[in-house]
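Presented below is the structure to which this report refers.
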Amino acid sequence: MIEYLLLAPILTAVLCFLTRSKAQVEAISLTGSLVTLILGLNIVKNVYQNGIIMSWTNTLFADAFSAFIVLIVSIVGFVASIYSIGYMGHEFK
């Protein structure tokens, strides 16, 4: 699950880069931020229920503190994505 949290913003950035329409970039950005938020909340829930979680043969792990940081970053990222929708139009001019 942790690896998906790392891949979601990268995939969102690549899709936004390849898209030429303002509406599509806005939708992809908002969707990617929402997916990141959902994955972050899922990691927080898993850490709360199971304690430390590990992935990729114990290379990546999440404890209570890292889950808290993931929660803060994903909420701020989602709110920033919503706020930036109005400013994305200036990039296409």
>> If each DSSP helix of 4+ residues adds -39,500 (n - 2.57) and the sum is divided by the residues in the chain, what number results at 222 nm, nearest 500 deg cm²/dmol?
In response: -25000 deg cm²/dmol
>> Within the chain, what whole-number % of the accessible surface is contributed by carbon and sulfur, with the 1.4 Å probe and all protein chains included in the calculation?
In response: 72
> Where does helix 2-18 land angle-wise versus the long Cα axis of the chain, in degrees 0 to 90, nearest 10?
Replying inline: 10
>> What number comes out for accessible area per residue over the chain if the probe is 1.4 Å? Units Å², please.
In response: 68
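The values are calculated or read from the model by the stated rules, or taken from the named source; none is laboratory data. Keep in mind the model is a prediction, meaning the values are calculated, not measured. Note: areas computed on protein heavy atoms with side chains; ligands, DNA, RNA excluded. Shrake-Rupley method; radii C 1.70, N 1.55, O 1.52, S 1.80 Å.
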